[in-house]
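Some notes on the structure that comes next.
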């Protein structure tokens, strides 16, 4: 993710409509031999306007993408994150060529939906993580993901009403990538909610006794809250507890300084 953000920042700094046109996705030109356009469109920055405000909002957007992307990369590993991003690129390319074949129009593919789709994955993994909007207002990630979903739906509806079917379904391509790669994680997150709502009563005393039995049956003393490694499986690995997290959370030495704090 750092490489993607760094190149995007360089493109923004150099600027100019000529450079953007040189990098943009265009099926007609790609078929004439400019195959770099299959990839370079992901480095086109958001059009946030000119002046100080444009620089500020671009910097905020790039930092947001970096924070979300790098967190997913640490959580999933570089391999899975790379698969997620490359698969999203391939789906957009297929969509662009599909629209060209059906409507004979080259769709101007942009990376904003692909980048924002990472936020859905982040929300599934860390739904209760708190982000301070404008550095002041604390909002949980799952609420921001809901707003992000509304934005996607709004873009689809506006595109359909405007008769621009070529771009109206572009957000769906990003959502398809999310569901294919992260569908299992989403189902595992939603399943406990379904179980809780289907139960009429909960025997708290029985649940407490079961929790104590599970604790007594543990074959380890320390377990990393990020990677799941235990001192039984890795006796030489050092474990520590984070003083900044809310609660009593253990982490291995690889993640004690590289994790999302519990709040």
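Does segment 46-166 come out rounded, prolate or oblate, given a ≥ b ≥ c as the square roots of the eigenvalues of its C-alpha gyration tensor, rounded meaning a/c under 1.5 and, failing that, prolate meaning a/b above b/c? The shape class here is prolate.
Annotation: the residues 104, 261, sorted from fewest to most other C-beta atoms within 10 Å of their own C-beta, follow the order 104, 261.
Modelled this way, with points 7 Å down the Cα-to-C-beta line, the labels at residue 137 and residue 13 are 3.3 nm from one another. Between residue 243 and residue 220, the modelled labels are 2.5 nm apart [label points 7 Å from Cα along Cα→Cβ]. By the count of neighbouring beta-carbon atoms within 10 Å, fewest first, 178, 97 end up ordered 97, 178.
With both labels modelled 7 Å from their Cα along Cα-to-Cβ, the residue 31 to residue 179 distance reads 3.0 nm.
Per-residue Cβ neighbour counts within 10 Å put 95, 241 in the sequence 241, 95, beginning with the fewest. In whole angstrom, how far apart do the alpha carbon centroids of segment 1-70 and segment 143-158 sit? Comparing the Cα centres of segment 1-70 and segment 143-158, I get a distance of 22 Å.
Taken together, the values in this text are just the output of simple stated rules run on the coordinates, not laboratory data. Since the structure is predicted, the reported quantities are computational estimates derived from the model, not experimental observations. No Cβ is skipped: glycine too gets one built from the backbone with ideal geometry, and neighbour counts run over all protein chains shown.
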